[in-house]
Amino acid sequence: MTSPTKAEGSGSAVALDPELETTAEVAKGEKKLEGRSPGQLMWQRFKRDRTGVISACVVIFFFVIAALAPVISALYGKNPYTLYAQEPDYPFLLDDFAMPTGSFGGMSGDFWFGVEPKLGRDVFTMLLYGMRTSLYMAVIVTLASVITGVLIGMVGGYFGGRVDYWVGRVTDFFLGFPQQLFFIAFMPVVTALFVDPKDETPTYLRAVAIILVMWFLGWMGLARLVRSSVLSLREREFVEAAKVSGASPWRIVRKEILPNIVTPILVQGTYILPSTILSIAFLSFVGVGFVEPTPDWGRMFAIGADVYEQDPMFMVFPGVAMVVFVLCFNLLGDSVRDAFDPKTGR
């Protein structure tokens, strides 16, 4: 008996198994369906949010400008430390009242954003380096606060009982501190511990003190958020199944719970960073943060507050830069939240 897959003769067509032929057509004609991860779904939703994309571009632009501040300053030919009013190349940079000559705060081809009153420093490079100082400090404080808040919140939420009780009381204790007053009162104490009051405090020590003080009072909100999320997750079926299978608490927290609370952590981090920038500027504005000659947004506001009647333009550029950055970062946080959880979409 002749097999149906063999040719009867040289001129006859080859007969195929009908079932194999149908399978080949289905595989050839239909598109292969592929599953998408939560990260891919989040990215697709985020790309459709025009406000979020624009805000992300603005935030990235600020960070790039801050990182390239020395390069831009070198190409521009100015720096934020030189007193150009005392340079022989610019003899009429300030008038008899130590205010910038010319219109709009002394803006010109040599000084794009004008010059600083009284001292004659370049405002453009002061803004660049002030942006660099504020952003770098805010990133360090935010990372330290997020890591501390996540660890403390997960310990209290997962173990519960007495551990949760004492962790909660410690968190409530720190929440009882008036933050702004604590910043003003404690910053001089921190610097005095390491530097004699007669000596000038180094810039790096001021930066470390600001980071320590802001981290000391910056983790509690995230800790309470993480604790509440972990409390709701530790009774879920997949966590109970991991316990029954003999998984260690560290593995359960790392593999089962932490991936499910990434969204609130990330969103809360996007809110902590801009508020940290405002707090750093506040410290410098009241005189307990960065001081001369370190460029800083808050110190520029302090200088502008003294001369706003004679030279209102000096405060315009740092004010606009800070408002734009903080606004865009907050909008970015809203967009990230909506991308992770479309039920909260605006």
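List of remarks:
- Phe62 satisfies every condition listed in (1) open to solvent by 60 Å² or more (accessible area, probe 1.4 Å); (2) touching a helix residue (DSSP H, G or I) at 6+ places or on another chain (Cβ under 7 Å); (3) of a type outside the set (Asp, Glu); (4) assigned to a helix (DSSP H, G or I) except (1).
- Residue match in the range 95-102 (condition: of a type in the set (D, E, K, R) and more than 21 Å from Ala302 (Cα to Cα)): yes
- Among the residues listed as Ile265, Ile280, the single one being in contact (Cβ under 8 Å) with a residue 60 or more places away in the chain, under 15 Å from the mean Cα position of the chain (by Cα), in a helix (DSSP H, G or I) and farther than 30 Å from Leu231 by Cα: Ile280
- When restricted to residues that are farther than 15 Å from Val226 by Cα, in contact with a Phe, Trp or Tyr (Cβ under 9 Å, 6 or more places away or on another chain) and part of a helix (DSSP H, G or I), the range 145-183 contains 4.
- A single member of Val189, Val195 is of a type in the set (A, V, I, L, M), part of a helix (DSSP H, G or I) and out of contact with any Asp or Glu (no Cβ under 7 Å at 6 or more places or on another chain), and it is Val189.
- Scanning the range 73-80 turns up one or more residues that are at pLDDT 85 or above, open to solvent by less than 40 Å² (accessible area, probe 1.4 Å) and of a type in the set (D, E, K, R).
- Complete set of residues in the range 283-301 that are crowded, with 18+ Cβ neighbours inside 10 Å and of a type outside the set (Asp, Glu): Leu283, Ser284, Phe285, Val288, Gly289, Phe290, Pro295, Trp297, Gly298, Arg299, Met300, Phe301
- Gln310 fulfils the conditions (1) assigned to a loop (DSSP other than H, G, I, E, B); (2) in contact (Cβ under 8 Å) with a residue 40 or more places away in the chain; (3) open to solvent by less than 70 Å² (accessible area, probe 1.4 Å) except for a single criterion, (3).
The values are calculated or read from the model by the stated rules, or taken from the named source; none is laboratory data. None of the values given here were measured: they were computed from a predicted structure. Cβ coordinates were reconstructed from backbone atoms using ideal geometry, including for glycine residues, and neighbour counts include every protein chain displayed. Note: areas computed on protein heavy atoms with side chains; ligands, DNA, RNA excluded. Shrake-Rupley method; radii C 1.70, N 1.55, O 1.52, S 1.80 Å.
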